Amino acid sequence: MAGGAEQELVGIAKHFNSVNNYGRANVAKATYASIFLIWAGFKAKKSLSSK
């Protein structure tokens, strides 16, 4: 039959993959965290420049 042994994920691919829900959830969390950090950076920059 087609297919072989299942690949074992290592390194960062173990945590950020699209194969299972755990990996997909980590990608979504990382996306939300990066959006929040960009927003917080712009907000901090704006408050420092207004002083």
**Fill in**
For the residue 40, residue 13 Cβ pair and Förster radius 30 Å, calculated FRET efficiency rounded to 0.05 is 0.60
**Prompt:** Which of rounded, prolate, oblate describes the range 6-50, given a ≥ b ≥ c as roots of the alpha-carbon gyration tensor eigenvalues and a/c under 1.5 marking rounded, otherwise prolate only if a/b is larger than b/c?
**Reply:** prolate
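None of the figures in this text is laboratory data; all of them are computed from the coordinates on show. Worth saying up front: this structure is predicted, and the values here are computed from it rather than measured. Cβ sites come from the backbone with ideal geometry, for glycine too, and all protein chains shown count toward neighbours.
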